[in-house]
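The values are calculated or read from the model by the stated rules, or taken from the named source; none is laboratory data. Keep in mind the model is a prediction, meaning the values are calculated, not measured. Neighbour counts run over all protein chains shown; Cβ positions are idealised from the backbone, glycine included. Surface areas here come from the heavy atoms of the whole protein model, side chains and all, with no ligands, DNA or RNA. Shrake-Rupley method; radii C 1.70, N 1.55, O 1.52, S 1.80 Å.
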Amino acid sequence: MSQTLVFLPGFMCDRRLFAPQIAHFGEDVECITKIVAKSTIGQMADAVLATAPERFALAGLSMGGIIALEIMARAPSRVTRLALMDTTPMADAPANRDIRNRQIEDVHKGRLDTVMRDELKPAYLVDGPGKPAILETCMEMARTLGPDVFEQQSLALRDRLGLEDVLPTITVPTLVLCGAQDRLCPPERHRAMNAAIAHSKLKLISGAGHLPTLEQPEATSAALAAWLGA
């Protein structure tokens, strides 16, 4: 194996979020997906570092990108290159606190499908013929992880601190990638991250929202391959 790439998926997602990329790399890259269920971003970062190789490339999407930034704050020497995808360095908006608390209560009352289907996932994707199948994959990932993981990850996102100060400290080759139609973590936020990280590369994926790995898998895989080979 020429490289080891650790993937960090987003909220209530698992290895299936990166299935097209893992298939694209095949045996050329050792791909590891870390799914963490802790109640703080710091605990999530520590859990990844505890089981990751000594040195590795790191790619995180959404919540996974937030964890990746925390890893860069804690153990930058272990990361050989970094991909931040459809993510944010910012703390959670105060207005989200009550929403997240109510969602946790609803999920523990047996409404996981309702919360994921009606409140979260529709805003993730652009409209297109592939949207229903991708939404169903998202629902299957959420059902697999279940209510307890929903609560832990929601608390970690709710209570996270801003990581903007980490961006100027990053010196490894960095890809900042975003679906061009991402409404949750919009392109302007990624342009700001690109400006803050010296020598980083910005890639906007046309025809994709918050989950370009599934919405435009070929373009996303190509961008990641170029980043790994740079």
Problem - Cβ-based net charge around Asp159, under 11 Å, with every Lys or Arg adding one and every Asp or Glu removing one - result: +3
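Summing Lys, Arg as +1 and Asp, Glu as -1, what charge do residues with Cβ under 12 Å from the Cβ of Asp86 carry, Asp86 excluded?
Details: positive: Arg183, Arg189, Lys203; negative: Asp182, Glu215.
Taking every Cβ under 12 Å from that of Asp86, the sum is +1.
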Handout entry: Counted charge near Gly179, where neighbours are those whose Cβ lies closer than 11 Å (Asp, Glu -1; Lys, Arg +1)
Key = -1
Problem - Solvent-accessible area per residue for the chain (1.4 angstrom probe, square angstrom) - result: 43
Problem - Within the accessible area of the range 125-230 (1.4 Å probe), percent carbon and sulfur - result: 55
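Could you order peptides 48-57, 32-41, 92-101 by the average number of other Cβ atoms within 10 Å of their residues, highest first? Write out the running numbers ahead of the final one.
Values: 48-57: 15.0, 32-41: 18.6, 92-101: 12.4.
Packing proxy ranking, top to bottom: 32-41, 48-57, 92-101.
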Practice task
Decide, for the chain, between rounded, prolate and oblate: order the square roots of the alpha carbon gyration tensor eigenvalues as a ≥ b ≥ c, take rounded if a/c falls under 1.5, and otherwise choose prolate if a/b is larger than b/c, else oblate.
Solution key: rounded
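Using a/c under 1.5 as the rounded threshold, could you call the range 7-86 rounded, prolate or oblate? The axes a ≥ b ≥ c are square roots of the C-alpha gyration tensor eigenvalues, and prolate needs a/b larger than b/c, oblate otherwise.
Working: a/c = 1.75, a/b = 1.24, b/c = 1.41.
Since a/c reaches 1.5 but b/c is at least a/b, the shape of the range 7-86 is classed as oblate.
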Practice task
Provide His24, His210 ordered by accessible surface of protein heavy atoms (probe 1.4 Å), highest first.
Solution key: His24, His210
Completion exercise
Taking r as the C-beta separation of Ala93 and Glu136 and R0 as 22 Å, the FRET efficiency to the nearest 0.05 is 0.15
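Give me Rg over Rh for the range 87-212, both radii from the alpha carbons and Rh done the Kirkwood way, two decimal places. Intermediate values should be presented prior to the final figure.
Values: Rg = 16.1 Å, Rh = 16.1 Å.
With Rg and the Kirkwood Rh in hand, the quotient comes to 1.00.
What shape does the range 184-230 have by the C-alpha gyration tensor, where a ≥ b ≥ c are the square roots of the eigenvalues, rounded means a/c under 1.5, and otherwise prolate means a/b greater than b/c and oblate the rest? Please list the in-between numbers first.
Details: a/c = 2.99, a/b = 1.14, b/c = 2.63.
It is oblate, given that a/c is not under 1.5 and a/b is not larger than b/c.
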